[in-house]
Amino acid sequence: MKTLILFRLYDRSYSRNGEYGNKETLRVYLGDDNVLTYSLYGGWQHTGGGQAIGNLQLKKSLPMNPKNFTTTRKLVWEIEDVLKTGVGSHTVYESEVLNEISTKRTGGKPSQELIDRVMEGIRLDVDNEEIDALEELLRFCPKKNLIAYLPEDEWESFK
């Protein structure tokens, strides 16, 4: 899990003499499961006591899916808009981007060159009766694709 953004918040209703009243920090994390999570704590340092996100009483939900954002800055803008819907005067004093959302996508469609090279490797493995790697590769294929490879009269028995 990595920290993407820190928001330093304050509540104007507790301000006096130009001070920033009721300071809080909202930390935005990107989990290993590619889900955004949040923690809220008192003060602008990491030593503040934990608080419930529900204390912000937001009318809109905080984003959970980073795939909707091509940059961390766009995520910042969305979270700032959501924070404005909260009860009270939680104002963003500053936001600090600590890490970027990776726009590099893994997976996707393989190139024809890659497919041809893998097919060549499969042919060699089958000819040499070394099928362990092929079996492992097939375990990552969706079941519906494997079934579709079979003769149509066998499909029902594997659904």
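The table below gives the values:
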read-out: Helix 112-127 axis, angle to the chain major axis (alpha carbon atoms, nearest 10°); value: 50 degrees
read-out: Ranked packing of 53-59, 123-129, 74-80, most packed first, by mean Cβ within 10 Å; value: 74-80, 53-59, 123-129
read-out: Helix 72-83 vs. the chain, principal-axis angle (Cα, 0 to 90°, nearest 10); value: 50 degrees
read-out: Peptides 63-72, 149-158 ordered by average Cβ neighbours within 10 Å, highest first; value: 63-72, 149-158
read-out: Listed residue pairs exceeding 31 Å between alpha carbons, taken from LYS74/LYS109; LYS2/LYS109; LYS60/LYS109; LYS67/LYS143; value: LYS60/LYS109
read-out: Gyration tensor over alpha-carbon atoms, the chain, equivalent ellipsoid semi-axes in Å; value: 52, 17, 13
read-out: Which of LEU58, LEU40, TYR93, positive extreme of dipole for the chain (C-beta unit charges); value: TYR93
read-out: P(r) tail fraction, the stretch 112-154 - alpha-carbon pairs more than 11 Å apart, %; value: 71 percent
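Quick note: the coordinates plus some simple rules give every number you see, no bench work behind them. Note that this is a predicted model, so its numbers are computed, not measured. All Cβ positions, even for glycine, are placed from backbone atoms using ideal geometry, and neighbour counts span all protein chains on display.
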